[in-house]
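> Below: one structure in structure tokens.
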Amino acid sequence: MKKAGILTFISLITLQLCFAQKEQDSQEDEFTPYELMSEYYVNNFQPFKKKNIYIGLSFSLQDLQQENTTGLLQNVVDGQSLDYNIKFKSGYYISDYTMVGFNFSYEHDKFGGTVFRDPDTLQSNSMTKSFDFTPNIRPSFPITKNERLSFFVETGLTFGYTSALTRNVKKGDEVNTQYTEGFHFRAGISPGITFFAMESFAFEVQLNLIGYDLAVLQQSTNNGPESRRVDQKVDAKIDLLSLNLGLSYYLGSKK
């Protein structure tokens, strides 16, 4: 009898566990994929927590066709320019919502076409390359409670090298070749928005809003003596053509 009672007790416990598991599975099945993902972001997601690591990539591209365009130094009769910038980013969160980072970027600008510089019409071709290194600090400000959408402000100091080659051909086959190289510095503020599409991966949109530029350049024309030029510029404007689109990954975003 005792043996039969023990078996009965074990059977009842097993049945209760089975029913409980079935009820739990049924409750989980009631959640949609969107609700399950939302629950994950609310309870298991901290992208801007101290000691997290940030890795990013951003890029910008401008392909411009010009015809009869008036400029400050020259008028473009017919020409095309192709400009692009690729930037690799990294960072470490020294505290919640505050990151120190380091960026490396490569920029390439190319133009070819016919221009008018009073009193001459020229066939002009130019190419510019630059490399930049930017230490920065970036605080983030969540816009939504689950932190999937956030606003950030990046403040950085940029040190870089630039080289440029310009070749102008006048009527009568008179050729002028100018080579420029130098170093530049920029202190700037670049706000942006981060949106997490899935888990630790995010899309970023960033805008160069305000900055101070200093460039020290050396130029030579047709292999002649070199000249030195110092350029300074302060810009504070919203230029949609300077938007940088990027992807990023946050190591340690899961609790």
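> Loop only by DSSP, 12 or fewer other Cβ within 10 Å of the Cβ. Give me the trypsin sites (Lys or Arg not before Pro) in the range 152-239 that pass, ordered by residue number.
Values: sites: Arg167, Lys170, Lys171, Arg186, Arg228, Arg229, Lys233, Lys237; in loops: Lys171, Lys237.
Hits after loop and neighbour filter: Lys171, Lys237.
> Can I ask one more? Work out from phi, with θ = phi - 60° and the Karplus expression 6.51 cos²θ - 1.76 cosθ + 1.60, the ³J(HN,Hα) of each residue of the range 180-192, listed in order in whole Hz, and give x for Gly and Pro.
After applying 6.51 cos²θ - 1.76 cosθ + 1.60, I find 10, 8, x, 10, 9, 9, 9, 10, x, 10, 10, x, x Hz.
> Considering only DSSP states other than H, G, I, E and B, which GluC sites (Glu not before Pro) in the range 176-209 qualify as loop sites with at most 16 other Cβ atoms within 10 Å? Numbers along the way, then the final one.
Working: sites: Glu181, Glu199, Glu204; in loops: Glu199.
Hits after loop and neighbour filter: Glu199.
> Full-extension gain between Thr121 and Gln232, please, as 0.36 nm times their residue separation minus the C-alpha to C-alpha distance. The partial results should precede the final answer.
Working: separation 111, 0.36 × 111 = 39.96 nm, distance 2.96 nm.
Length gained, Thr121 through Gln232: 37.0 nm.
> Can you tell me how the range 54-164 classifies by the Cα gyration tensor, rounded, prolate or oblate, using a/c under 1.5 as the rounded cut? Working shown, then result.
On the way: a/c = 3.62, a/b = 2.49, b/c = 1.45.
It comes out prolate by the Cα gyration axes.
> On to the next question. So for the pair Asp173, Phe102, with labels modelled 7 Å out along Cα→Cβ, what separation do we get in nm?
Here the modelled spin labels are 5.2 nm apart.
> Let me ask something else. For labels at Leu57 and Val216 in the simple 7 Å Cα→Cβ model, what's the distance in nm?
3.5
> May I pose another question? Read phi for every residue in the range 113-126 and hand back ³J(HN,Hα) as whole Hz from Karplus 6.51 cos²θ - 1.76 cosθ + 1.60, θ = phi - 60°, with x for Gly and Pro.
So the J values, rounded to whole Hz, are x, 9, 10, 10, 10, 3, x, 10, 9, 10, 9, 10, 9, 8.
> Rounded, prolate or oblate: pick one for the range 31-251, where a ≥ b ≥ c are the square roots of the eigenvalues of its C-alpha gyration tensor, a/c under 1.5 means rounded, and failing that, prolate if a/b is larger than b/c, else oblate.
Since a/c reaches 1.5 and a/b is larger than b/c, the shape of the range 31-251 is classed as prolate.
> Next up: Please tell me which of these pairs span more than 22 angstrom C-alpha to C-alpha: Lys87/Lys129; Lys89/Lys110; Lys87/Lys145; Lys129/Lys233; Lys170/Lys233; Lys129/Lys170? The partial results should precede the final answer.
On the way: Lys87/Lys129 14 Å; Lys89/Lys110 25 Å; Lys87/Lys145 30 Å; Lys129/Lys233 19 Å; Lys170/Lys233 31 Å; Lys129/Lys170 25 Å.
Correct reply: Lys89/Lys110; Lys87/Lys145; Lys170/Lys233; Lys129/Lys170.
Read-outs: derived from the displayed coordinates by stated rules, not from any lab. This is a predicted model, so every value here is computed, not measured. Cβ: placed from backbone, ideal geometry, glycine included. Neighbour counts: every protein chain shown.
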